[in-house]
Amino acid sequence: YVRLMNTSDIVGGLYCPNTGYLDPSNLTTAYHRAASKLGAKVFQNCPVTGIETEDSSHSLQRVTAVRTERGVIRTQRVLNCAGGWAPRVAALAGVSVPLSVMKRTYVISEPITGVRSNPLVYDFGISLYLMPQGESIAFGGFERNPQFVDELPDDFHFSLYEVDWDHFEQHMKNAIHRFPALQSAGVKSTVSGPEAFTPDGYPLMGESPEVRGFFLSCGFGSTGIMFSGGHGQQIAEWIVQGRPSLDMTRYDIRRFGRSYVDNSVWLRERCHEVYSHKGDIKYPHSQLLAARNILKDPLHQVSFNFLALLQYILHVSRWRSTFHGSVVGTLWKQLGNV
């Protein structure tokens, strides 16, 4: 497989023998069958038209029922797994969901000899992935200029977009550079659909702080299938037992305050940055830079002036030792979000 790749500009790589890939449709069908055996019921083509709530403790509302076109389901717990439609479903209960929807595209080539049963290849340097599908290769990536979907129609489920080849050209060039055999291989099929991304790149899970009994599991940003087993178990424990068995703080919906969620500029700029760097190597202590200074506390200017003064003193004294990098770097990490 490596012999089919252009490795002239590669210094090294990591091989993960336990990494695999599977067919999303087959996995979803398996989940459906397993749930049905345990008594779950699945109703297709049954749109939700409303979520009923009533007054609860601490001035909060509590879920009491879900209204559908086929009738009312009485329940005290609702799990929102609606992906790109999650904000619309949540709004029925008065809940805000911070995520943006963007188009994700990948291309499947015509068959290429020697591809079958080879591992997934991810090139973090050019944000490109190549995944065998039989004798073909599926490839795509995360571009710096994502295409936002401002309005996702209710009837778009199982639908796809036409591929914008001008926009996808960057991935096509990178794929041919890394895998020259694609130069002469035709395009077998394309997939271009909506994906939901959150402002920090992590899914939204847990009970909403706004309405009791309203749970979320959405915003997985193209990793839903990969996370489905573990995250599905944790959200089930969250609903039934009141808390997950693992530390899910990073994914808890409560990490986003309402002042941020309701700020459309902050939401769009952060989701843009998250998407565009999705395929990059993540370094320790790295921070998101988009949409800074939208909210400032009284210490912001004091901290800014202090850091500016410290930087000036070190510059004048020409003190460029390890102390300079460690002190200034640490202070910036600690105070950069103030």
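Checking each residue in the stretch 78-121 for being among the hydroxyl-bearing types (Ser, Thr, Tyr) and either touching a strand residue (DSSP E or B) at 6+ places or on another chain (Cβ under 9 Å) or closer than 17 Å to residue 261 by Cβ (or both) picks out 96, 100, 105, 106, 109, 117.
Here's the yes/no breakdown for (1) part of a loop (DSSP other than H, G, I, E, B); (2) open to solvent by less than 70 Å² (accessible area, probe 1.4 Å); (3) modelled with pLDDT of 80 or more:
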| position | (1), (2), (3) |
| --- | --- |
| 279 | yes, yes, yes |
| 282 | yes, no, yes |
| 286 | yes, no, yes |
| 290 | yes, yes, yes |
| 305 | no, no, yes |
| 310 | no, yes, no |
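The condition of being of a type in the set (Gly, Ala, Ser) and either open to solvent by 40 Å² or more (accessible area, probe 1.4 Å) or in contact with a Gly (Cβ under 9 Å, 6 or more places away or on another chain) (or both) holds for residue 20.
Quick grid of which residues meet (1) open to solvent by less than 10 Å² (accessible area, probe 1.4 Å); (2) among the acidic types (Asp, Glu); (3) without any contact (Cβ under 8 Å) to a residue 24 or more places away in the chain; (4) part of a loop (DSSP other than H, G, I, E, B):
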| position | (1), (2), (3), (4) |
| --- | --- |
| 89 | no, no, no, no |
| 112 | no, no, no, yes |
| 117 | no, no, yes, yes |
| 122 | no, no, no, no |
| 130 | yes, no, no, no |
| 138 | yes, no, no, no |
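Kindly indicate the residue of the stretch 197-248 that is surrounded by 16 or more Cβ atoms within 10 Å (Cβ to Cβ), among the polar types (S, T, N, Q) and outside any loop (DSSP other than H, G, I, E, B) and also farthest from the chain's Cα centre (by Cα) among those meeting that condition. Of everything passing the filter in the stretch 197-248, 234 is farthest from the chain's Cα centre (by Cα).
When residues in the stretch 58-71 are screened for being touching a residue at least 12 places away in the same chain (Cβ under 8 Å) and either in a strand (DSSP E or B) or open to solvent by less than 60 Å² (accessible area, probe 1.4 Å) (or both), 9 of them pass. Would you be able to say whether some residue in the stretch 34-53 is under 25 Å from the mean Cα position of the chain (by Cα), polar (S, T, N, Q) and either outside any loop (DSSP other than H, G, I, E, B) or closer than 23 Å to residue 252 by Cβ (or both)? The answer is no, given that none of the residues of the stretch 34-53 is under 25 Å from the mean Cα position of the chain (by Cα), polar (S, T, N, Q) and either outside any loop (DSSP other than H, G, I, E, B) or closer than 23 Å to residue 252 by Cβ (or both).
Annotation note: of 107, 97, the sole residue that is open to solvent by less than 50 Å² (accessible area, probe 1.4 Å), within 26 Å of the chain's Cα centre (by Cα), touching a residue at least 40 places away in the same chain (Cβ under 8 Å) and closer than 30 Å to residue 131 by Cα is 107.
Would you mind telling me which numbered condition in (1) surrounded by 10 or more Cβ atoms within 10 Å (Cβ to Cβ); (2) in a helix (DSSP H, G or I) residue 3 fails? Every listed condition holds for residue 3 apart from (1).
Among the criteria (1) at positive phi; (2) open to solvent by 60 Å² or more (accessible area, probe 1.4 Å), the one residue 37 does not fulfil is (1).
The values are calculated or read from the model by the stated rules, or taken from the named source; none is laboratory data. Here the structure is a predicted model, which means the values were calculated and not measured. So basically every Cβ, Gly included, is an ideal-geometry build from the backbone, and we count neighbours across all protein chains shown. Only protein heavy atoms, including side chains, enter the accessible area calculation; ligands, DNA and RNA are left aside. Shrake-Rupley method; radii C 1.70, N 1.55, O 1.52, S 1.80 Å.
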